[in-house]
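One structure below.
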Amino acid sequence: MRALPGLLILWMLAGGCGQAEHTVDPLFVFGHAGHDAGEFDYPRAAAASTNRYYIVDKSARIQCFDTRGQYLFEWQMPQQTAGKPVGLGVAPDGRVFVADTHYGRVLVFDADGKQLAEFGSFGDGPGQFRLPTDVAVDSQGFVYVAEYGGNDRINKFTAEFELLFSFGGPDQDAARLLRPQGIMIAPDDTLWVVDAGNHRVCHFDGDGDLLATFGGIGRDAGQLRFPYGIDRLSDGTLVVAEFGNNRVQRFRTD
């Protein structure tokens, strides 16, 4: 398990953390505002492999860093006029998946930024996306894509990017999602989803069945307000970033 998840990278880029229930010192901080190598124009998403960090910002470029925050290289998204990506995922084999949000597609790159594939198109049909927000790949090679903008669902694809099924849509009752903003694959290949519009975190199995939820709108400890990011620490606990409460909370999986 990576020692420092992508979510915490963004936390550090913001300058560490403030005071809440505990004072937590960052291991290190890297980056500042700008457009040069190692600088950021509003970082929007981060993902980590075992030895690299990838960060996309509002300039639609993806920068790669080593595990001490040293700049390695970068590449530019092929299109950006319609909007910039908001989600990144790294597969177990090191490929980088980008939720190209405003183009209704997912782009796949190798670990060095060479484009390998793309799938999806704008729409409501099977295998199409409205506004994809995040991508995650499990240990079996299945690809999960979260989206909102009317579809508000999770889509499961084969390793060859063929749609298997979708879940969390408007016919799902208790499992219905409202702007699923981030997804994370656990070691057992279950999914944790930050259900931003419902102010909660949902736990699904690989078949799309809802296992549990926690959260609920509010500012108290354990409550959430527009959670946008989730990741897992090496001890198995979860960290959740909240857009609405401007904080990070840490939870046990129970």
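The values are calculated or read from the model by the stated rules, or taken from the named source; none is laboratory data. This structure is a prediction, so every number in the text was calculated from the model and none was measured. Reconstructed Cβ throughout: ideal geometry from the backbone, glycine too, with neighbour counts over all protein chains shown. We work out accessible area using only protein heavy atoms, side chains counted, and drop any ligands, DNA or RNA first. Shrake-Rupley method; radii C 1.70, N 1.55, O 1.52, S 1.80 Å.
Tell me, yes or no, whether region 72-84 has at least one residue that is touching a residue at least 40 places away in the same chain (Cβ under 8 Å), acidic (Asp, Glu) and under 23 Å from Asp57 (Cβ atoms). No, every residue in region 72-84 fails to be touching a residue at least 40 places away in the same chain (Cβ under 8 Å), acidic (Asp, Glu) and under 23 Å from Asp57 (Cβ atoms). Of the residues that sit in region 99-125 and are among the small types (Gly, Ala, Ser) and surrounded by 21 or more Cβ atoms within 10 Å (Cβ to Cβ), which one is farthest from Glu162 (Cα to Cα)? Here the residue is Ala99. Scanning region 217-229 for residues that are open to solvent by less than 20 Å² (accessible area, probe 1.4 Å) and either over 29 Å from Ser49 (Cβ atoms) or in contact (Cβ under 8 Å) with a residue 40 or more places away in the chain (or both) yields Gly218, Pro227, Gly229. In region 87-98, the condition of being open to solvent by 10 Å² or more (accessible area, probe 1.4 Å), in contact (Cβ under 8 Å) with a residue 24 or more places away in the chain and of a type in the set (Phe, Trp, Tyr) is met by no residue.
Inside region 30-78, residues that are surrounded by fewer than 14 Cβ atoms within 10 Å (Cβ to Cβ) and closer than 20 Å to Ala99 by Cβ make up a count of 3.
Residue pairs whose Cβ atoms lie under 8 Å apart, sitting 6 or more positions apart in sequence or on different chains, and linking a residue in region 39-65 that is on the phi > 0 side of the Ramachandran plot to a partner that is assigned to a strand (DSSP E or B) and acidic (Asp, Glu), are Tyr42/Asp57.
Applying the set (1) open to solvent by 10 Å² or more (accessible area, probe 1.4 Å); (2) in contact with a Leu (Cβ under 9 Å, 6 or more places away or on another chain) to Gly168 leaves exactly one unmet item: (1). Does Arg232 count as without any contact (Cβ under 8 Å) to a residue 40 or more places away in the chain, closer than 24 Å to Val56 by Cβ and buried (at least 16 other Cβ atoms within 10 Å of the Cβ)? Answer is no for this residue. Applying the selection to region 145-161, what residues are under 16 Å from Gln128 (Cα atoms), touching a residue at least 12 places away in the same chain (Cβ under 8 Å) and part of a loop (DSSP other than H, G, I, E, B)? Those that are under 16 Å from Gln128 (Cα atoms), touching a residue at least 12 places away in the same chain (Cβ under 8 Å) and part of a loop (DSSP other than H, G, I, E, B): Gly149, Gly150, Asn151, Asp152, Thr158, Phe161. The set of residues in region 201-212 being part of a strand (DSSP E or B) and either aromatic (Phe, Trp, Tyr) or open to solvent by less than 70 Å² (accessible area, probe 1.4 Å) (or both) consists of Val201, Cys202, His203, Phe204, Leu210, Ala212.
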